[in-house]
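Below is one structure; the comments refer to it alone.
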Amino acid sequence: MFIHLISFIIIFMPPLFPKGSYKHMMRGSTSFPNLFMAGDWIKTRHGSWLQEKSYVTGLEAANRVVEFLEEGGFAKIIPVEEEEPHIQALRSLNRSFNQVKDQLPWSDYFLP
């Protein structure tokens, strides 16, 4: 029997937005009247994340520019649809599991 292993790589990448990081995200508006922010690291009431959130915050920033300059047309931002019942149930189950897990003395050994 002949086994040939070409390569094996393990990459550890910490989460981009760890638990509790939302409160540290920036707002889309700034103290400068003509500076507007966009990206997946911006707080927004829209329910999207990552690439979609970057796109949506870009539209929000563009709308702020239109409002600031008082010319141009506003971009329409479509709200996120409510999650389907099975996704809601799984999210609820996951939250319950995490609450129980956090009570265990060895909870630091589990992945976040």
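The values are calculated or read from the model by the stated rules, or taken from the named source; none is laboratory data. On a predicted model such as this, the values are computed, not experimentally measured, just so you know. Don't worry about glycine lacking a Cβ; one is built from the backbone with ideal geometry, like all the others, and counts go over all protein chains shown.
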In segment 60-90, which residues are under 23 Å from HIS24 (Cβ atoms) and either at pLDDT 80 or above or of a type in the set (D, E, K, R) (or both)?
GLU60, ALA61, ARG64
State yes or no: is VAL100 in contact with a Phe, Trp or Tyr (Cβ under 8 Å, 6 or more places away or on another chain) and at pLDDT 85 or above?
no
Across segment 20-75, the tally of residues that are loosely packed, with under 13 Cβ neighbours inside 10 Å, within 11 Å of the chain's Cα centre (by Cα) and either assigned to a helix (DSSP H, G or I) or at negative phi (or both) stands at 3
